[in-house]
Each structure stands twice: as C-alpha cells, then as structure tokens.
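No lab work stands behind these numbers, since they all come straight from the coordinates. This one's a predicted model, so the numbers in the text were calculated from it and none came from an experiment. FYI the Cβ positions are ideal-geometry reconstructions off the backbone, even for glycines, and counts take in every protein chain you see.
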Amino acid sequence: MPNTVLIGAQWGDEGKGKVVDVLARDADVVVRYQGGSNAGHTLEIGSERFVLHLVPSGVMYPEKLCIIGNGVVVDPLELKSEIEALMARGISLEGRFWVSDRAHAVLPYHRRQDTAREQRARPGQRLGTTQRGIGPAYADKAHRTGLRMGEFCRPGWEAKVQMRAEESGCADGAEMVATLREAAAFLAPFIADTTAQLHEEWRRGRTILFEGAQGTMLDVDHGTYPFVTSSNATAGGASTGTGLPPRAIERVVGVIKCYTTRVGEGPFPTELKDETGDLLRRRGREFGATTGRPRRCGWFDAVVARYAAAVNGVDYWALTKLDVLDECETIRVCVAYECDGRRLDRVPADAEALARCQPVYEEFPGWKMSTSGVRQYEDLPSAARAYVDALCRLTGVPLGLLSVGPDRASTFRLAI
Ligand code: IMP
C-alpha cells in the first residue's frame with residue numbers, strides 16, 4: 001500500500017474509524033495528525049464496539065506502530081483513561097504507541113474556557129463545539145503560551161500550568177496541577193520525538209497511514225468558518241501535523257457518506273428537517289460518538305464533495321453507509337446551489353452566503369431492498385449501483401471502497 005492520508009470529505013462522522021481499521025491491515029504505522037478528543041472513531045469488531053478519541057484506530061492490530069503526531073492537541077486525562085480502557089481489554093500499547101513531544105496539551109482551563117465561551121455566546125454566535133477545550137488549546141499554541149507534551153517529562157511544568165490557569169481566571173490552578181500529576185507520570189514513558197521516529201520509518205520504506213479527524217468542511221481554513229474546528233482537517237495537515245514532508249504522502253483517500261450529516265451549528269444546504277431526515281438519523285444511528293448529540297441529516301451534496309476532492313486531492317472515495325438509504329423511495333443529490341438568483345457550482349467562502357444557498361437536486365430511484373448483507377459490489381441492486389456510479393461521476397473521483405454496515409465484513413475494497 002502507498003503511504004495514504006485518510007480524510008473526511010464532509011462535516012466529520014463519515015465513518016473514518018471503520019475505514020482506517022480496514023486500511024490499517026496493510027500499513028505498518030498509523031498516525032493521527034490533528035484534532036484531539038473532539039473526535040470519536042467508532043469501530044465494531046465482532047460483537048464489540050470501541051470508540052477511540054485520541055489513540056489512532058490502528059491500535060486494534062497488535063503489531064502496528066501507533067503515533068499521535070505534533071499537530072494533535074492531547075488531553076492528558078482523557079488519553080490516560082483511553083489507554084487504561086484499552087489495556088483492560090487486553091490491548092497492549094507498550095513499545096508501539098508514542099505521543100509527540102511537540103504536541104500541545106489540552107489543560108483543564110481550556111475545557112472551562114470552551115464551555116464558558118459557548119454559554120456566553122449570543123444566538124447565532126454559538127458554534128456548538130464538543131466542549132473538549134480544542135479551540136482554546138490551539139489558540140494557546142498560536143499565542144505561544146501553550147504547554148507541549150514533552151514538558152511533562154521535565155521539571156517545571158507545574159508552575160507553568162498554575163500560572164496559566166490563574167491568568168485564565170481560574171482560582172484552582174493548584175488543584176488542576178494535582179489532577180494532572182498522575183496523568184503526566186503515567187504518560188511520560190509514551191512521549192517521544194515522533195518526527196524522528198516517523199522519518200526513520202519512512203526511510204526504511206515502512207507504510208504509513210495518516211488518520212484524519214473531523215472533515216474538510218470543519219477545517220479551520222477551508223471549512224465553513226467560523227463554524228469549524230480549530231485545526232487543518234484536510235490532507236495538508238498531515239504534513240505539518242507529523243513532520244513528514246508532503247512528498248511522503250503518496251495517496252489520498254476521502255471518506256464520504258452516501259448522504260450528509262453535521263453536528264453543531266453552521267450552514268448545511270441539503271439539511272432535511274422532515275421525516276426523511278429522521279429516517280436517515282434512525283437508520284444511520286446518527287448520534288455523536290463524543291457528545292451523544294443527534295446529528296443533523298440531509299442529502300448528499302456533490303458541490304461539497306467536489307470541493308473536498310479538489311482541496312485534498314482525493315484519489316479514491318471510501319463511500320460509507322449505503323445501506324442507510326435502503327428504504328428511500330427516491331434519493332436526491334445536490335448538484336449545484338442557487339444563491340441570490342444565481343447558479344453556483346462551488347462552495348462560497350462566506351458562511352452567510354452558504355446559508356442562503358438553495359440546493360439544486362437531481363433525483364435517483366431508490367432500490368427498496370436490504371443491501372446490508374451484500375459482500376461484493378456486483379451483488380448490489382442495479383439502482384444502488386447506478387446511485388454509487390452517479391456520485392463518482394458527479395464528483396469526478398473513482399470508488400475505492402464501499403461499506404454497507406458497521407462491521408468489518410460489511411466493508412469491501414474495490415480499488416484500494
Ligand atoms: P470543536 O472541535 O469541539 O471546537 O467543535 C467545533 C465544531 O466541530 C462543532 O460544530 C463540532 O460539532 C464539530 N466537531 C468537532 N469534532 C467533530 C467530530 O469528530 N465529528 C463531527 N463534528 C465534530
């Protein structure tokens with residue numbers, strides 16, 4: 001397998017965890033490069049369900065090297081409990097899991113700042129964040145006032161945390177330090193110069209899988225700003241977030257659902273606030289893996305998909321959740337927008353303009369039968385194949401993988 005970046009092509013929750021789990025089979029190293037515990041990657045293996053927030057999804061294979069790169073913001077308390085939960089299930093991380101010493105820590109005051117901002121926000125200004133402290137942690141990184149994970153391995157971090165907590169208006173800085181002390185000691189053996197490790201792996205010709213979190217439309221530069229997360233969720237982030245150069249990346253796989261969902265606030269042109277939206281939510285089990293919030297659901301948006309294909313340089317789609325559409329009589333796909341009396345073929349930069357966009361739909365007949373037991377592409381009903389072919393034609397990207405259910409067996413590989 002070529003070194004591959006896997007990105008979300010919509011607003012997150014495309015099923016990346018499941019696709020990473022399949023592709024990780026052929027990789028030697030799996031590395032996360034952005035985001036933090038706002039992500040929730042769900043894996044279903046046999047009868048077991050795992051939700052990972054920070055540890056790369058490749059961890060389920062005992063021999064893979066798993067790395068949290070420098071571009072990730074790491075909540076030490078969350079990471080410690082995630083590692084402990086994995087260990088309790090017999091999954092060993094020793095000697096094969098590392099956290100970048102350059103990655104920034106999400107500290108208790110970041111979480112508090114995140115929640116306070118959301119509570120203070122006037123209507124229309126709320127972002128609907130996951131309240132995991134992601135934005136404030138990245139803000140401190142850009143302000144150059146953050147704490148990097150490497151600092152937990154040296155004396156002196158306690159005074160810095162207490163000072164920053166107090167500067168942020170928290171009177172309980174000393175208690176925060178006390179809570180962090182155990183996690184810092186627990187995590188210290190996992191902290192390393194992962195840039196050097198990754199370069200060594202690359203030099204030795206080992207296969208690297210870059211695991212993106214969130215999605216293109218939540219990217220801080222390319223998404224629906226300000227209704228975005230605070231990192232570069234697009235393929236470019238894989239280089240800055242790991243220290244590997246762009247030419248180490250040989251292929252980009254875009255994970256995309258056969259319909260669209262969004263959690264949190266912000267424009268969503270194909271959103272369905274009717275019973276079809278409810279049907280997608282129910283059949284697709286569209287509730288946040290991190291916050292449990294019901295996701296907003298709507299039709300596939302080919303304008304967004306084309307934009308994601310362009311920004312990330314997507315070579316193949318990993319198309320997920322086709323089975324969720326099994327009961328639909330007619331399926332719609334947005335092929336363009338109408339905005340202020342004009343037809344638009346691309347995503348406008350301005351979120352307010354996107355909020356005024358009305359979708360122009362093309363209709364496809366549903367197949368009205370179950371696809372969840374299908375194990376090869378050729379066995380899909382012809383209307384389902386026609387729908388999948390149309391998505392690829394409308395977006396100009398070939399199909400690499402398709403999934404018709406949550407478990408490993410329902411995910412079948414075509415070109416990747
Ligand atoms: P934050 O990343 O917690 O700051 O949240 C910013 C926006 O990104 C909100 O709309 C969240 O709902 C959304 N978001 C963050 N992480 C995810 C994710 O993993 N899946 C889907 N949406 C996410």
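Some points to look at:
- When restricted to residues that are within 14 Å of the ligand (Cβ to nearest atom) and among the β-branched types (Val, Ile, Thr), the stretch 277-311 contains 2.
- Selection count, the stretch 140-152, where residues are surrounded by fewer than 16 Cβ atoms within 10 Å (Cβ to Cβ) and either in contact (Cβ under 8 Å) with a residue 24 or more places away in the chain or within 16 Å of the ligand (Cβ to nearest atom) (or both): 1
- Restricted to strands (runs of 3 or more DSSP E) entirely inside the stretch 1-89, those with at least 2 residues that are closer than 22 Å to SER239 by Cα and either within 16 Å of the ligand (Cβ to nearest atom) or β-branched (Val, Ile, Thr) (or both) are 4-8, 29-32, 65-68.
- Residue in the stretch 39-53 that is farthest from VAL106 (Cα to Cα), counting only those that are in contact with a strand residue (DSSP E or B) (Cβ under 8 Å, 6 or more places away or on another chain), free of Cβ contacts under 8 Å to residues at least 40 places away in the same chain and surrounded by fewer than 24 Cβ atoms within 10 Å (Cβ to Cβ): ARG49
Every residue, every condition in (1) out of contact with any Gly (no Cβ under 6 Å at 6 or more places or on another chain); (2) surrounded by 16 or more Cβ atoms within 10 Å (Cβ to Cβ); (3) in a helix (DSSP H, G or I), yes or no:
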{"site": "GLY95", "(1), (2), (3)": "yes, no, no"}
{"site": "TRP98", "(1), (2), (3)": "yes, yes, no"}
{"site": "HIS110", "(1), (2), (3)": "no, yes, yes"}
{"site": "THR129", "(1), (2), (3)": "yes, yes, no"}
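- Residue that is of a type outside the set (Gly, Ala, Ser), free of Cβ contacts under 8 Å to residues at least 40 places away in the same chain and in contact with a Ser or Thr (Cβ under 9 Å, 6 or more places away or on another chain), where the choices are ARG306, ARG296, ARG356, ARG282: ARG296
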